[in-house]
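The values are calculated or read from the model by the stated rules, or taken from the named source; none is laboratory data. Being a predicted model, the structure only gives us computed values, none of them experimental. Glycine gets a Cβ as well: all are built from the backbone with ideal geometry, and neighbour counts include every protein chain shown. Protein only, heavy atoms only, side chains kept; ligands, DNA and RNA dropped before computing areas. Shrake-Rupley method; radii C 1.70, N 1.55, O 1.52, S 1.80 Å.
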Amino acid sequence: MAKYVGAIDQGTSSTRFMLFDRDGAVVAQAQAEHTQIYPKAGWVEHDPLEIWDKTREVIDKALGGAIRPGELSAIGITNQRETTIVWDRTTGMPLHNAIVWNDTRTDEIARAVAARFRKGKDHLRAQTGLPIVPYFSATKLVWLLENVPGLRDAAEAGTALFGTVDTWLIWNLTGRTAHVTDVSNASRTLLMNVHSLQWEAKLLETFGVPAIMLPTIVPSSSASIGLCDGAAVPGLAGVHIAGILGDQQAATFGQVCFSPGQAKATYGTGAFIMMNTGERAVASTNGLLTTVGWQLGAGAKPVYCLEGGVAYAGSLVQWARDNLKMIQNAAQTESICRSVEDNGGVYVVPAFAGLFAPYWRSDARGVICGLTAFNTVAHVVRACVEASAYQVKDILDAMACDSHVRLHALRCDGGMTVNAFLMQFQADMLDVAVTVPAIAETTALGAAFAAGLAVGFYPDQATLTRQWVKAREWVPHMPRAQREFLASRWCMAIDRSLDWHQSPPAGRAESERLELVRSGSSSKALEWSGRPSAAAWAVRILAVVSIAAAGFISGRRLR
């Protein structure tokens, strides 16, 4: 009788393999980092062969020769989403490095596509749930088709294959036989219709993508996804691949957010927030993404989610460590944050690659605001940590406006949840309880749950819900006036980050829009025209009058 279910968790910075028992407890695990490649400013790449090698390495380490045949019921796969790989069907060799989800090289491609339509970047939202921005796979694939010599011809001939990281791993795990992806990953490409769950010809035509290079779309949980080939990974010979989930969907599933209105936040390299909206695909009017959460079996109705993501959360702390040398390790940040009474008026907006949801401003760049001679390194470090909480609040405010559901609690996971200061600050800024589960690795757990349900290792979702255990909870203590003051200052900092990269000045456009969202005036936010407010015009006129007056006085003195 099978004792375990396994999960490959292939993330932005590392790959893990984990074994879970029937209670969802971790039995064994191994992890290995892979190289981050930065060819140019804003470009981020991974070596697909290194990812595959690291995957085999961690599987071998975790199994350790101690797992006998038949004890492993199935494996699930969860992966960094949107990251785009193309490879040769015959040789199995990548035709270029993987272009990573947070790479911004395709900004001009996205702008050019959006400019062809009256609704601009929102033209495809009705079909895909997504804006036309560099974040998603389609623009990355277009860049590869346009810039890798011979790729377009190979793609049209069917010898070049496309896939996200799940597709690449499954293709290798199955001995180069299964070219598939699941609905959660396909919903992040701008090429799948989120209602039909199929690649759509009009979308492929929009981006000029040959259909023949795309993988087959399968459910997130199914016993028939593929069988592992013993020649590829001996320890997994004959084991079913029975689950596939994009990393954020997997974390939501691992947090057992099975009911509409339940939400989770994952604090990793970036920060990603998902809210279950049930069988209804909620169209966002406030900068969020409508995405497929999961589909449990062929023919089953999909579960949809609203999502918002920010590119820099844990990686902002890493930047403070590696680039600014402010800290030696991330574990120090909690004590440093507590060493000062507050942030000293300092705010850090980590728009290193633009701002993601709910702003979607690729012209934004990182800023540190509010510095005075009073400030110390501790204030800046605290501002870096607080930035994650502010960004999560921005997204949850927009979710409440879109879904008309008030958040009552937030389930959190990811590496940054070990920082109790951050968790308390998050609870204070949201004014709701924040909880962390007993099993912290919810992304891998979600993939294991999806695989286990498909093969009967886990009987049903109700059993998984009963197994979920809260490890710790933080409740809000901050006075309302203080919370609102801090949030307003954060909006000011956001405003300072805008219009830095290849864009004409736009004033307080996005921060004013978000203020309307927070106040519940979503229709007003949509109608906002981008014109400066009356107050802004008054300030400008006063400035012109002052300059003219100063010039007149100076002229009289000279005479």
Qualifying lysines (Cα of each under 25 Å from Cα of Lys264; at least 8 residues distant if same chain): Lys301, Lys393, Lys470
Can you tell me the relative contact order of the stretch 180-318? Whole percent, Cα pairs under 8 Å, sequence separation 6 or more. 22
Loop only by DSSP, 15 or fewer other Cβ within 10 Å of the Cβ. Give me the GluC sites (Glu not before Pro) in the stretch 288-343 that pass, ordered by residue number. Glu341
Between His96 and His501, the FRET efficiency computed from the C-beta separation at R0 = 22 Å comes out, to the nearest 0.05, as 0.30
Sorted list, accessible surface of protein heavy atoms, 1.4 Å probe, largest first, for Ile212, Ile439, Ile244 is Ile212, Ile439, Ile244
Summing -39500 (n - 2.57) over every DSSP H run of at least 4 residues in the chain and dividing by its residue count gives a helix-only mean residue ellipticity at 222 nm, to the nearest 500 deg cm²/dmol, of -11000 deg cm²/dmol
Once both labels are modelled 7 Å past Cα along the beta-carbon direction, what's the Asp431-Gln482 spacing in nm? 1.5
Contour minus Cα-Cα span, Ala201 to Val418, at 0.36 nm per residue, comes to 73.6 nm
So which trypsin sites (Lys or Arg not before Pro) in the stretch 329-421 end up in coil per DSSP with only 12 or fewer other C-beta atoms within 10 Å? Arg406
Multiply the residue gap between Arg466 and Thr376 by 0.36 nm, knock off their C-alpha separation, and tell me the result in nm, one decimal place. 27.7 nm
Restricting to the chain, what percent of DSSP beta bridges are antiparallel, rounded to 5? 70
Given a 1.4 Å probe, the accessible area of the stretch 242-375 per residue, as a whole number of Å², is 33
At 0.36 nm per residue, and after removing the present C-alpha to C-alpha distance, how many nm does the segment from Arg280 to Asn329 gain when stretched out fully? 13.4 nm
1/(1 + (r/R0)^6) with r = Cβ-Cβ of Arg68 and Ala223, R0 = 35 Å, i.e. FRET efficiency to nearest 0.05, evaluates to 0.95
Just in the stretch 1-72: which trypsin sites (Lys or Arg not before Pro) are loop by DSSP and have at most 14 other Cβ atoms within 10 Å? Lys40
Could you work out what % of the accessible surface of the stretch 336-403 is carbon and sulfur, using a 1.4 angstrom probe and leaving DNA, RNA and ligands out of the count? 57
The chain, convex hull of Cα, quarter of hull surface, nm² -> 28.2
Span-rule helices in the chain, defined as complete DSSP H runs reaching 27 Å or more along the axis (Cα) with Kyte mean at least 0.0: 377-403, 534-558
14 Å beta-carbon shell around Ala115, net charge (K/R +1, D/E -1): +2
Carbon and sulfur atoms: what percent of the 1.4 Å accessible area of the stretch 217-290 do they account for? 54
To the nearest Å², the heavy-atom accessible area per residue of the stretch 71-126 with 1.4 Å probe amounts to 37
Beta bridges per DSSP with both ends in the stretch 97-250, % antiparallel, nearest 5: 60
